Structures are given as structure tokens and as C-alpha cells.
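Accompanying notes for the structure given below.
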Amino acid sequence: MSEESIQALGTVLDAAQRIVCFTGAGISTESGIPDFRSPGTGLWTKMKPIQFQDFVASDDTRQESWRRKFSGDKTIEQAQPNKGHLALARLVERGQCLGVITQNIDNLHQNSGIPDNKVIELHGNATYASCLECNTRYELADLEAQFVAINRIEPCKHCGGIIKTATISFGQAMPETEMLRAQEYTEQCDLMIVLGSSLTVFPAAGFPQYAKEIGASLAIVNREETPLDDIADVVVREQIGSTMALVVGLN
């Protein structure tokens with residue numbers, strides 16, 4: 001473990017009062033959740049994703065999407081927060097961290113103890129579903145029971161709208177409220193810590209660069225190089241959980 005870089009991370013963290021953490025797939029792979037985009041191992045390299053416009057336009061496509069959901073891997077549902085998630089929860093609990101902007105859809109930040117209103121999910125959440133028209137929430141267990149019984153998911157019982165997992169699919173517009181909140185967090189922070197993001201998926205990846213441009217410090221904890229390493233104040237290429245547990249003082 002690189003003691004010098006970790007010590008530098010601890011120094012900038014201790015000096016900050018308004019931290020925002022920006023998380024990507026790398027923090028969740030340490031909980032056993034595969035990266036969707038990794039060459040050869042990522043889900044999207046094994047199965048072509050369903051485009052949002054096709055999901056909306058075709059009932060057959062919607063039912064195929066639900067079939068994939070309920071017959072697929074249950075890793076997300078079974079995953080537990082790791083030391084990285086717990087370390088961020090500790091920073092939020094201390095009042096040192098404003099909150100978390102995440103590209104992840106696994107709900108592990110909330111499960112680690114961070115309040116819902118301090119987690120900004122740019123790509124949605126895979127642990128429940130909602131109606132695209134009226135936003136009524138549906139629990140996946142109830143929908144799976146329906147699918148097993150009649151081999152399909154019926155429209156929303158309240159408005160007749162289309163029910164979809166609460167994730168942002170390929171071709172679907174980014175959520176306006178979350179994007180605005182992420183911008184507000186970015187403009188308020190004095191340190192942004194990027195954890196486990198390749199910083200290649202836009203527009204989400206633009207927030208760390210924006211934070212640096214407007215005067216915040218930037219720290220990156222990622223096993224691989226990122227496009228922003230050259231402008232970051234600190235770069236740590238180590239495991240996220242053990243690194244953050246160390247600098248936060250998590251036993």
C-alpha cells in the first residue's frame with residue numbers, strides 16, 4: 001500500500017469541511033457486484049442492453065426486460081456495504097461530508113447508513129421499480145410474484161402507465177432533479193473524493209472536473225488510471241475499502 005499517497009489523502013480530508021464523494025462501480029465491485037462495462041466480464045459485454053425507447057414502444061420488449069430481471073443474477077439484492085461504503089457513512093455522520101453523488105444503482109450507500117436525502121443517484125436505483133407516468137413505487141418482490149403468476153407485468157394500477165425498474169436505461173434522459181442537486185453539491189464542496197469511477201461516462205463524470213475548475217481540491221481513489229489524474233491533488237491506486245477505512249479511522 002502506498003503510504004505516501006494515503007497520507008496525502010488523509011491530509012486533504014482532514015483539512016476539508018465540505019466533502020462530496022463521487023462514486024462509481026469500483027466501490028461496489030468490492031461488495032461482489034460486477035462492473036457493467038468491464039471488457040469480457042461486464043454484463044453489457046455478455047448481453048445487449050435494451051434501449052429505453054424500445055422498452056417504451058413494445059410490450060414484448062418490456063416483458064423480455066422483466067424476464068431478464070427476474071431470471072438473472074441476484075448479486076445486487078444480496079450484496080452488503082463494504083468498508084468503503086461504511087467509511088463514507090462515517091464522514092456523513094460526522095457532518096464533514098455533504099453527501100454522495102453516485103453512478104451506482106445498488107442502494108449500498110443507503111444500506112450503509114447514509115440518509116436517502118444525502119445520496120444523489122445519477123443512474124437511478126435497481127432495487128425497486130416505479131411508474132413512468134405517476135412515479136408510484138413498486139417493490140420488486142411484488143412484481144416478481146406477479147410475473148411468476150401470469151408471465152407479465154401489468155400497467156400501473158393507479159394510472160395505467162408503464163412500470164419500469166427505477167434505473168436510467170440506455171437512451172433515457174438523465175434525471176433533471178438529481179443532476180441539479182449534483183451540481184449544487186459540486187459548487188458547495190471544498191473537496192471532492194472520487195472513488196471507483198473510471199470518469200469516462202458522461203455527463204456524470206463532468207462533476208469532478210467542474211469541482212476542480214471552481215476551486216475545490218480533488219482526490220481520486222481508483223485501481224486504474226483516470227482522465228483526471230493529472231489535475232487531481234491526490235491520486236491513490238489502492239483498494240477503496242481498506243484505504244478509506246484507514247483515513248477515516250474506521251475500525
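The values are calculated or read from the model by the stated rules, or taken from the named source; none is laboratory data. The model shown is predicted, which means the values in this text are computed figures rather than measured ones. Cβ: placed from backbone, ideal geometry, glycine included. Neighbour counts: every protein chain shown.
Of all the residues in the range 232-242, those that are of a type in the set (S, T, N, Q) and either under 18 Å from the mean Cα position of the chain (by Cα) or assigned to a loop (DSSP other than H, G, I, E, B) (or both) number 1.
Just checking, how many residues over the range 47-58 are assigned to a helix (DSSP H, G or I), touching a residue at least 12 places away in the same chain (Cβ under 8 Å) and loosely packed, with under 14 Cβ neighbours inside 10 Å? Qualifying residue count for the region: 1. V248 meets the stated requirement of being closer than 19 Å to L108 by Cβ, over 20 Å from the mean Cα position of the chain (by Cα), surrounded by 18 or more Cβ atoms within 10 Å (Cβ to Cβ) and not small (G, A, S).
So which residues in the range 199-210 are under 23 Å from G241 (Cβ atoms) and part of a helix (DSSP H, G or I)? Please lay out each step first, then the result.
Of the range 199-210, the ones under 23 Å from G241 (Cβ atoms) are 199-201, 204-205, 207-208.
F207, P208, listed by residue number.
Each residue in the range 65-81 was checked for being in a helix (DSSP H, G or I) and not β-branched (V, I, T), and 9 of them qualify. Taken over the range 180-190, the criterion of being in a loop (DSSP other than H, G, I, E, B) and either in the same structural domain as T136 (by TED's automatic domain parsing) or touching a helix residue (DSSP H, G or I) at 6+ places or on another chain (Cβ under 8 Å) (or both) is satisfied by C189 alone.
Listed here are the residues, each with its yes/no results for (1) touching a residue at least 60 places away in the same chain (Cβ under 8 Å); (2) outside any loop (DSSP other than H, G, I, E, B); (3) out of contact with any strand residue (DSSP E or B) (no Cβ under 7 Å at 6 or more places or on another chain).
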position: E178; (1), (2), (3): no, yes, no
position: M192; (1), (2), (3): yes, yes, no
position: S197; (1), (2), (3): yes, no, no
position: K212; (1), (2), (3): no, yes, no
position: R223; (1), (2), (3): yes, no, yes
position: T226; (1), (2), (3): no, no, no
position: D230; (1), (2), (3): no, no, yes
position: V247; (1), (2), (3): yes, yes, yes
position: L250; (1), (2), (3): yes, no, yes
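Screening the candidates S217, S169 for the property of being modelled with pLDDT under 95 and small (G, A, S) yields one hit, S169.
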